[in-house]
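Q: Sharing a structure, written as structure tokens. Questions coming.
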Amino acid sequence: MSKRIIGLECPECGIIYPQELTPICKECWGPLKIKYDYEIIKDKISKEKLKNRPFNQWRYIELLPIEDLTKIISLNDGGTPLIRCKNLETELGLKELYVKNDTINPTLSFKDRPASVGISKCNELGINTVGCASTGNLAASTAAHAAKAGFPCYIFVPANIEYSKITQTAIHGVNIIGVNGTYDAANQLGILAAEVFKWGLLNINVRPYYTEGSKTIAFETCEQLNWESPDNIIIPMGSGALLCSVNRALIDLYKIGFIEKNNIKISGAQPSGCSPIVTSKNTKSDIFPIENPDTLTKSLAIGNPASGYEAINVINSTNGCAIAPSDSEITDAIKLLAKREGIYAEPAGAIPLAALINLIQSGDISKDESVVLLVTGNGFKAHQTVTNLISEIPIIEPTLDALEKYTNKKEAIAFAKN
Ligand SMILES: Cc1ncc(COP(=O)(O)O)c(C=O)c1O
Ligand SMILES: [Zn+2]
């Protein structure tokens, strides 16, 4: 019987490998990708069939690399809203703007999507010890899904990540190991550990399967737009994996005939204090790893991005842009998104809005284009950083008198400021 999943393919030299924990081609070091048989998939999935399935990421099972459905480990990941942002449209003078609000995933970031797929694949392959190297969000997602699976779990993080992310990870009873150094040092240790202990480390030896999970953010977005594709998608980049997954998702949808044209411009954003992909794309040079990232956008502080060249190819081939907003542009975007649309994002989640403002100013996005921002992480993830953005709250006695005094004072201040 023909199978929906053919194997792991090297996009560089075309060799096909069986489904195991092999992240790169043994011949040419190319990053392996899942090869699907789209003719078989077309027979199994239809827009009509989708209507009867629960709204979480597993509704797109035919385009995900899991064959034994009993092995799925899910916290009901994905199924997040796509929100029309009328207030920001007015403010920015833009025709059509949406936020894909992935801040409300089970562990409050989009990483639940790939973590759920990665751990499910480990379960299917019989690998029962899992983990990852992470800037914090994948750590929390991996820990939560490992807890659900009942798997021992080892997580490597740079010791200086936000305390909220460490707490959110450790509470699941996993082994969280703070590495003295950057994310790249933690990742390097993870690569060695995967080799020696044969653990399934999601972003390392489980990478070809794990990155497939992030495709569902784009599947959902297109379905929520009634299978009309937007003109632009703007995406935060750390390793660049999410951006590449979105691109593969759009190709999948095009190949099975769910979207009619695939001419969406895919743009990527990194903070200016750690922007190796953006710098390389815009100066047409090699990717030079950043040894000491310097940004409050800690989720994106990846100096040596594993999917960097692939991300540049995607941005170039879709006519997108690469932008590196400053930390202050990013914190302004956190405030703007919260004040105008009621969405509370961490710096990595707000960076697409900072990038959009830059792209409108530079004329790279014109006001009659439609735009989707992937808002990928919740403000609670970076509580310490965001706390610095608000002023102290007033404290008053619990009396109407005190309230009257306070409001009068406020009106007086507002009047004076005008
Ligand atoms: C909230 C958030 N958004 C975006 C990204 C970027 O993901 P990638 O490393 O796949 O580029 C990360 C990475 O950790 C993240 O935590
Ligand atoms: Zn190869």
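Q: Can you say whether GLU162 is over 20 Å from ALA147 (Cα atoms) and touching a Lys or Arg at 6+ places or on another chain (Cβ under 9 Å), as far as the supplied structure shows?
A: Details: over 20 Å from ALA147 (Cα atoms): yes; touching a Lys or Arg at 6+ places or on another chain (Cβ under 9 Å): yes.
Spelling it out, GLU162 is indeed over 20 Å from ALA147 (Cα atoms) and touching a Lys or Arg at 6+ places or on another chain (Cβ under 9 Å).
Q: A follow-up question, please. Return the pair list, or none, for Cβ contacts closer than 7 Å from residues in segment 334-356 that are on the phi < 0 side of the Ramachandran plot and of a type in the set (Ser, Thr, Tyr) to residues that are surrounded by fewer than 24 Cβ atoms within 10 Å (Cβ to Cβ) and in a strand (DSSP E or B), at least 6 apart or on different chains.
A: From segment 334-356, the pairs are TYR344/ASN378.
Q: Evaluate segment 234-252: report whether one residue or more is touching a strand residue (DSSP E or B) at 6+ places or on another chain (Cβ under 7 Å), assigned to a strand (DSSP E or B), away from ligand 1 (no atom under 16 Å from the Cβ) and over 12 Å from PRO305 (Cα atoms).
A: No.
Q: Which of (1) more than 16 Å from ligand 2 (Cβ to nearest atom); (2) closer than 24 Å to ILE127 by Cβ; (3) more than 25 Å from the chain's Cα centre (by Cα); (4) among the aromatic types (Phe, Trp, Tyr) does TYR17 not meet, given it meets every other one?
A: For TYR17, the failing item is (1).
Q: Kindly indicate which of LEU21, LEU75, LEU8 is in a strand (DSSP E or B), touching a helix residue (DSSP H, G or I) at 6+ places or on another chain (Cβ under 9 Å) and in contact (Cβ under 8 Å) with a residue 40 or more places away in the chain.
A: After ruling out the rest, the residue left standing is LEU8.
Per-residue answers, yes or no, for (1) among the basic types (Lys, Arg); (2) within 15 Å of ligand 1 (Cβ to nearest atom); (3) under 19 Å from GLY213 (Cα atoms); (4) in a helix (DSSP H, G or I):
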{"site": "ILE83", "(1), (2), (3), (4)": "no, no, no, no"}
{"site": "LYS100", "(1), (2), (3), (4)": "yes, yes, yes, no"}
{"site": "THR135", "(1), (2), (3), (4)": "no, yes, yes, no"}
{"site": "ALA144", "(1), (2), (3), (4)": "no, yes, yes, yes"}
{"site": "ALA147", "(1), (2), (3), (4)": "no, no, yes, yes"}
{"site": "TYR154", "(1), (2), (3), (4)": "no, no, no, no"}
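Q: Can you pull out every residue in segment 105-127 that is part of a helix (DSSP H, G or I) and either more than 12 Å from LEU138 (Cβ to Cβ) or of a type in the set (Asp, Glu) (or both)? Give the steps one after another, and end with the answer.
A: The initial filter retains those residues of segment 105-127 that are part of a helix (DSSP H, G or I), namely 112-125.
Scanning segment 105-127 gives ASP112, VAL117, SER120, LYS121, CYS122, ASN123, GLU124, LEU125.
Q: Conditions: (1) in contact (Cβ under 8 Å) with a residue 60 or more places away in the chain; (2) within 13 Å of ligand 1 (Cβ to nearest atom). THR169 meets all but one. Number of the miss?
A: In the conditions (1) in contact (Cβ under 8 Å) with a residue 60 or more places away in the chain; (2) within 13 Å of ligand 1 (Cβ to nearest atom), THR169 misses (1) alone.
Q: Quick one: LYS47 ticks every box in (1) free of Cβ contacts under 8 Å to residues at least 12 places away in the same chain; (2) closer than 29 Å to VAL371 by Cα except a single one, so which number is it?
A: So LYS47 meets the others, but not (1).
Q: Turning to a different aspect of this structure: Name every residue in segment 126-157 that is touching an Asp or Glu at 6+ places or on another chain (Cβ under 7 Å) and under 26 Å from ARG59 (Cα atoms), in order of residue number.
A: SER141
Q: Scan segment 45-61 and tell me whether some residue there is within 16 Å of ligand 2 (Cβ to nearest atom) and surrounded by 12 or more Cβ atoms within 10 Å (Cβ to Cβ). Don't jump to the end; show me each part of the working.
A: Residues of segment 45-61 within 16 Å of ligand 2 (Cβ to nearest atom): none.
Within segment 45-61, none of the residues are within 16 Å of ligand 2 (Cβ to nearest atom) and surrounded by 12 or more Cβ atoms within 10 Å (Cβ to Cβ).
Only the coordinates and a few stated rules stand behind these numbers; no lab work does. Computed from a predicted structure; not experimentally measured. No Cβ is skipped: glycine too gets one built from the backbone with ideal geometry, and neighbour counts run over all protein chains shown.
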